[in-house]
Amino acid sequence: MKKLFFLIIAISLFIAGCKNNSSNGSNAKIENKLNKNIICVLGYNYPDLNLTFTNKQTILNNRFDIPAGQTKEIDTLSLCNKAMWDKTIKHSMLMLFVFDKDKLAGTDKLEDALIARYYFTYVQLMKTNGVITIDATRNNL
């Protein structure tokens with residue numbers, strides 16, 4: 001129950017966004033350059049890499065469902081604000097879990113549908129102006 005409460009709070013804060021703090025004045029974006037539909041989930045508990053903070057149904061209901069070849073603007077929990085980042089992100093490392101949407105629908109084990117885990121520091125995310133690109137080259141897919 002405590003993990004579910006944290007997840008709800010994190011998602012609520014995530015939706016708040018950092019529209020005015022990114023260098024181009026827009027929200028952060030996830031760019032899907034894969035030839036498959038993906039679902040992305042943020043993790044704030046680095047170095048805990050397991051997926052016990054979520055479950056399949058939560059992920060399938062996630063707003064970060066990004067079709068192949070598309071870019072989706074996301075809110076970022078005001079993570080463009082360094083003070084918010086420091087307050088929210090453990091060990092200054094944001095995780096992004098990327099799932100194959102079709103595989104996820106056909107399995108009960110989250111790990112079976114996991115394509116990649118990405119890790120970002122505040123500086124790394126700001127260097128890309130808040131654009132996170134998911135592609136085969138970076139993931140060795």
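Just a few scattered comments:
- Scope segment 120-138; condition surrounded by 14 or more Cβ atoms within 10 Å (Cβ to Cβ) and under 17 Å from Cys40 (Cβ atoms); matching residues: Phe120, Leu125, Thr128, Gly130, Val131, Ile132, Thr133, Ile134
- Taking (1) crowded, with 16+ Cβ neighbours inside 10 Å; (2) within 13 Å of the chain's Cα centre (by Cα); (3) not in a helix (DSSP H, G or I) in turn, Leu34 satisfies each apart from (2).
- Across segment 50-60, not a single residue is classified as under 11 Å from the mean Cα position of the chain (by Cα), surrounded by fewer than 16 Cβ atoms within 10 Å (Cβ to Cβ) and part of a loop (DSSP other than H, G, I, E, B).
- Scanning segment 61-74 for residues that are part of a loop (DSSP other than H, G, I, E, B) and at pLDDT 80 or above yields a count of 6.
The values are calculated or read from the model by the stated rules, or taken from the named source; none is laboratory data. If you're wondering where the values come from, they're calculated on a predicted model, not measured in any experiment. Glycine gets a Cβ as well: all are built from the backbone with ideal geometry, and neighbour counts include every protein chain shown.
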